[in-house]
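Notes follow once the structure below has been shown.
What follows draws every value from the coordinates through simple rules; no lab data is involved. Quantities reported herein were computed from a predicted structural model and do not represent experimental measurements. Here the Cβ positions follow ideal geometry from the backbone for every residue, glycine too, while neighbour counts run over all protein chains shown.
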Ligand SMILES: C[S@@+](CC[C@H](N)C(=O)[O-])C[C@H]1O[C@@H](n2cnc3c(N)ncnc32)[C@H](O)[C@@H]1O
């Protein structure tokens, strides 16, 4: 069952404030992205614009955000109204996206893990490639296909992850817990690393690299190494980078 973010937009937005997001997810993502100065950026599956805004704050000259959920884009547009960055947002399924423009950087946090089949991830990579300038890069944070920890191993960070199995297309369920103990569930799909790599290569994207989740020095200092051990050991999410050749 595909996750309907319209019904959980605010709760998902709140989950972005958990320490692991800032000190592992965002830290790894922006380390991979590198210098954003002057870049034109397309943020796919942008949600409520959490990273789209940060891309602008970190020096991009222009950003466009795309998400399939009207509820998430509504939150993004509300944030844009209260603090304008000149970001354009579109409600669209990435599988059908054709903006007729190319970008220096296409980024996505948690897009590819919504593809259920090799054909779908192939189509997503074709869309990514179509929107990249020659020499442009794609950088993503994604559910890690190689994660094998027990479901509750990450509970003290405010979430859990369960794999139905490790067959292609199997469901991967994340539960994000609120302070009152209630939770929202988000479902994505397992595809092997080699399925991802084949899709990138077929779309003409090269130099495909996988990057471990890293911990920020500030996070280590604030919470200590014991706090971070489980997420660093389990690696529930992973970075990927690749490029479109010149
Ligand atoms: C886990 S959220 C991440 C949102 C945002 N990137 C972030 O990190 O805060 C995943 C997002 O992917 C969007 N999404 C899933 N499948 C999509 C598709 N085929 N096309 C566009 N957006 C999609 C969902 O609506 C949701 O907002």
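For the chain, DSSP calls about 55 percent of its internal beta bridges antiparallel.
Ordering 11-20, 174-183 by mean Cβ neighbour count within 10 Å, with the highest value first, yields 11-20, 174-183.
Which shape class applies to the stretch 78-117: rounded if a/c is under 1.5, otherwise prolate when a/b exceeds b/c and oblate if not, where a ≥ b ≥ c are the square roots of the Cα gyration tensor eigenvalues? Prolate. Extension gain for residue 93 to residue 146 (0.36 nm times residue separation, less C-alpha to C-alpha distance): 16.4 nm. Report summary: the helix-based calculation at 222 nm, which adds -39500 (n - 2.57) for every DSSP H run with n ≥ 4 and divides by the residues of the chain, gives -8500 deg cm²/dmol. Comparing 212, 129, 143 in a Gaussian network model of the chain (Cα springs below 10 Å), the most mobile by mean-square fluctuation is 212.
Descending by average beta-carbon neighbour count within 10 Å, the peptides 113-122, 202-211 line up as 113-122, 202-211, the highest first. Note on the chain: with a GNM built from Cα contacts shorter than 10 Å, the maximum mean-square fluctuation among 166, 227, 110 falls on 227. Using only the Cα atoms of the stretch 1-124, build the gyration tensor, take square roots of its eigenvalues as a ≥ b ≥ c, and label the shape rounded, prolate or oblate: rounded if a/c is under 1.5, else prolate if a/b is larger than b/c, else oblate. Taking the square roots of the gyration eigenvalues as a ≥ b ≥ c, the stretch 1-124 is rounded.
Here the extension length gained between residue 156 and residue 182 equals 7.9 nm, from 0.36 nm per residue of separation less the Cα-Cα distance. Taking a label point 7 Å from the Cα of residue 173 along the Cα→Cβ vector, which residues of the stretch 107-122 have an amide N closer than 18 Å to it? Residues passing the 18 Å test: 114. Between residue 10 and residue 194, full extension at 0.36 nm per residue minus the direct alpha carbon distance yields a gain of 62.8 nm. Rounded is the label for the chain, because a/c, from the alpha-carbon gyration tensor with a ≥ b ≥ c as root eigenvalues, stays below 1.5.
Just checking the listed ones, 125, 107, 149: in the Gaussian network model of the chain with Cα springs under 10 Å, the one fluctuating most is 149.
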